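Contents: one structure, followed by commentary.
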Amino acid sequence: MAKNDFALAFNEVLEEKQLAKDVVISAIESAMVSAYRRAVGASTAQHVESKLDPETGVVTVYAEKEVVEDSVIDERTEVLIDEARKVNPEAQPGDMVVVESTPADFGRVAAQTARQVIQQRIREAERSNQMEYYQRQEGEIVSGLVQAINAQGITIGLEMKAEGTMPNNQRIPGEKLKLHDRIRAVVIEVKDGTRGPQIVLSRAHRNFLRRLMENEVPEIYHGIVEIRAIAREPGARAKVAVSATQAGIDPVGACVGQKGVRIQAIVKELHDEKIDIILWDADPVAYISKAISPAKVAGVYLTEEERTATVVVGEDQLSLAIGRDGQNARLAAKLTGWRIDIKSLSEAAGDSLVKLKGDDELQTMLKTAVEVMPQVEEILAKKAENRLITPEEFHVLEAFVDRVERRMILAKEEATREEDERLASARAEIPVAAFSMSLDQATNLKEHVFNILTEAGYETVGQVMFDMKTNQNKILGLAGVGGKAITNIEESLAALTFPEPVAAPEVVDSVEAVDEVVAEPIAVEEMPAVEKQTEKKKDPKRVAEESEEDGDVSKDGVNLDELFSIKPEMFASPEGTEEESDDKKKGKKGKKKGVALEFDEKLGEVVTRKKHKRGDGGGDEEAW
């Protein structure tokens, strides 16, 4: 094959198979190695490699052989030293060198032998590329042509010569597809199969609706509008909750588009599936009210513990709120995550009336509701007789239901709070160490009782003590536990002792406590270093006040921080003579920035005094 012919054919293969150049070259070279081994009968232990010139198509095979000096016995594994030194000038007999070993008639033989191997390697490379590409596309929309329709589902031809399958449960109900129709679907799963990647597609998944909205609504794609939740029954109805991430944006209007052009494009793609776009709200009451749309809601009453919402609607809104076969209520429940119970206003009023009559405590709290009970009964009687009820009477029922239901919710919340406080109080009575003490340390427990408790999940003494205090019936309800077992548990727990918690050391931080520490005067020479530190940390303001009361410091303003930073070595003179040191012990004056120290015999401690210059006519006489 001529140079240009091979290059053209090689590039054509690359384009047709959509493979990288190095992948195809590697496949051909590997196939040529296999063809060489088969042609000459080379061992698999021998190192063999091949090189392909992509411009000319010439394949050169190299094999590792042993260098021999005299004669070659086996050409497959031996080479003369002269030939070896052309490759490695330092080759010696017995060395292993890699030399060219392309057979003379290798071109045609290799082409026949390697053809199947090359095709197999190229198919493997295609599958690997397909697998990597569609794994990245998982969760995204792809487009393809319908190739086959059977009882199991639809086969769709995709890009890169891949095939995807759409099971019947992932199709939109009622949608009729024909061969060669171009459709869009979302990739929900990609698995590795024996014949290539198995790509599962869906048009019924809620993520298909999410991706369609991202494509049709630029605000969603750019993150200005966020999809908070999607509930969908394919082919029938869907509800989408949206919110804006920026102020001044109408998320519902952005999704609907001008004259509904954006949402209509999505509806058409989904085989005329109805879509409700609602505004997401952090308040569950407002959120549930909007989720019930298009029905108008009279009231929403939540039970947080059971995560249940009772929705009250007018008589004319009941069928609209429930929807065909309960569809609207189901979608609202999926969208909000709350279990929704829809009642008409008259039904809710009847239930509230029964609750109020059967609860004396509730009647005491709701005197206004008790006063309108006869009127409510009369209105409900008219409703039962199918007589006309005025709008004013409907307002009376609505107000009555609202009062009773809200009070009931408050009562439940108060009961829950009281129960939490009771449990917290019971837990506080149990020593903290009990919750880290293993149950096997309760040595007085009988073996069968210990086994029953451990099998029930009790690991620590604290867990048993807590349930014995708060809910003894929980333990009594265990299989094999009776009155004697409860007595044994109580006695075992009573016999346990727990270490007292170690109290944290008290930190002396008050001025009064510091005063107590330094109350007794100590001479400077005998004062320990720790106590001098304590004196240094005394509150300067308090020290100044005490000194003024004792007459130690004048009111002319003394730098107290400086005074309390004075150290014993500052008392000595620069020469350090004993005579001067004795003078300071006796209280003689010293000169230090206008401040002197002296020993007060009455107080028994060293005090500070400030010098004042005085004298007639500017004399140098000093006063204290």
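Quick note: the coordinates plus some simple rules give every number you see, no bench work behind them. Quick caveat: nothing in here was measured; it's all calculated off a predicted structure. Note that we place each Cβ from the backbone using ideal geometry, even for glycine, and neighbour counts take in every protein chain shown.
Counting Lys and Arg as +1 and Asp and Glu as -1, what is the net charge of the other residues whose Cβ lies under 14 Å from the Cβ of Thr390?
Numbers: positive: Lys382, Lys383, Arg387; negative: Glu315, Glu378, Glu392, Glu393, Glu398.
So the surrounding residues net to -2.
In segment 338-369, whose amide N lies under 12 Å from the spot 7 Å out along Cα-to-Cβ of Ala384? List them in ranges.
350
Taking other Cβ within 10 Å of each residue's Cβ, how do Phe400, Phe435 sort, fewest first?
Working: Phe400 24, Phe435 15.
Fewest to most other Cβ atoms nearby, the residues stand as Phe435, Phe400.
How would you rank Asp281, Asp22, going from fewest to most other Cβ atoms within 10 Å of each one's own Cβ?
Asp22, Asp281
Is the C-alpha gyration tensor of segment 432-495 telling us rounded, prolate or oblate? Criteria: a/c under 1.5 is rounded; beyond that, a/b larger than b/c is prolate, otherwise oblate.
In terms of gyration-tensor shape, rounded.
Between Glu392 and Ser436, what length comes free when the chain is fully extended (0.36 nm per residue of separation minus the Cα-Cα distance, one decimal in nm)?
Answer, rounded to one decimal: 9.5 nm.
Distance from a point 7 Å along Cα→Cβ of His271 to each backbone N in segment 230-262: keep the residues under 18 Å and list them by number.
Label zone hits: 232-239.
If Lys and Arg each add +1 and Asp and Glu each add -1, what is the summed charge of the other residues whose beta carbon sits under 11 Å from the beta carbon of Trp338? If you can, show how the numbers build up before the last one.
On the way: positive: Arg307, Lys334, Arg339; negative: Glu304, Glu306, Asp341.
Cβ neighbours under 11 Å give a net charge of 0.
Nearest 5 is fine: what % of DSSP beta bridges in segment 137-204 come out antiparallel, could you say?
90
By how many nm would the segment from Asn169 to Gln472 lengthen if fully extended, with 0.36 nm per residue of separation less the alpha-carbon distance? Could the numbers behind the result be given before it?
Details: separation 303, 0.36 × 303 = 109.08 nm, distance 5.05 nm.
Answer, rounded to one decimal: 104.0 nm.
Count neighbours as other Cβ atoms within 10 Å of each site's Cβ, and list the GluC sites (Glu not before Pro) in segment 357-457 that are DSSP loop with at most 16 such neighbours. Before the final figure, lay out the partial values.
Numbers: sites: Glu361, Glu371, Glu377, Glu378, Glu385, Glu392, Glu393, Glu398, Glu405, Glu413, Glu414, Glu418, Glu419, Glu421, Glu429, Glu447, Glu455; in loops: Glu385, Glu429.
When the GluC sites (Glu not before Pro) of segment 357-457 are filtered for loop state and at most 16 Cβ neighbours within 10 Å, Glu385, Glu429 remain.
For labels at Lys357 and Glu100 in the simple 7 Å Cα→Cβ model, what's the distance in nm?
Roughly 10.9 nm, to one decimal.
What shape does segment 116-204 take by its C-alpha gyration tensor, where a ≥ b ≥ c are the square roots of the eigenvalues and a/c under 1.5 counts as rounded, a/b above b/c as prolate, and the rest as oblate?
Values: a/c = 2.30, a/b = 1.80, b/c = 1.28.
Prolate is the answer for segment 116-204, as a/c is 1.5 or above and a/b outweighs b/c.
If Lys and Arg each add +1 and Asp and Glu each add -1, what is the summed charge of the other residues whose beta carbon sits under 14 Å from the beta carbon of Val285?
Summing Lys/Arg as +1 and Asp/Glu as -1 gives -2.
Give the separation of the Cα centroids, segment 375-450 to segment 225-240, in Å.
34
How would Thr303, Thr368 line up from fewest to most surrounding beta-carbon atoms within 10 angstrom?
Thr368, Thr303
Extension gain Thr77-Glu132, at 0.36 nm per residue separation less the Cα-Cα distance, in nm? It would help to have the intermediate numbers written out before the result.
Values: separation 55, 0.36 × 55 = 19.80 nm, distance 4.13 nm.
My answer for the length gained is 15.7 nm.
Under the classification rounded if a/c is under 1.5, otherwise prolate if a/b is larger than b/c and oblate if not, where does segment 357-423 fall, given a ≥ b ≥ c as square roots of the Cα gyration tensor eigenvalues?
Prolate.
Between Ala282 and Glu305, what FRET efficiency comes out of the Förster formula 1/(1 + (r/R0)^6) with R0 = 22 Å and r the beta carbon distance, rounded to 0.05?
Values: r = 20 Å, r/R0 = 0.91.
After rounding to 0.05, the efficiency reads 0.65.
For the pair Phe498 and Asp181, what calculated FRET efficiency results from E = 1/(1 + (r/R0)^6), where r is the Cβ-Cβ distance and R0 = 51 Å, to the nearest 0.05? The partial results should precede the final answer.
Numbers: r = 76 Å, r/R0 = 1.50.
Between Asp181 and Phe498 the formula returns 0.10.
Which trypsin sites (Lys or Arg not before Pro) in segment 154-214 sit in a loop by DSSP (not H, G, I, E or B) and have at most 13 other Cβ atoms within 10 Å of their own Cβ? Show your work: numbers first, answer last.
Details: sites: Lys161, Arg171, Lys176, Lys178, Arg182, Arg184, Lys191, Arg195, Arg203, Arg206, Arg210, Arg211; in loops: Arg171, Lys176, Lys178, Arg195, Arg203.
Those that pass, being in a loop and sparsely packed, are Lys176, Lys178, Arg195.
Calculate the FRET efficiency for Glu140 and Glu55 from the Cβ-Cβ distance with a Förster distance of 51 Å, rounded to the nearest 0.05.
0.85
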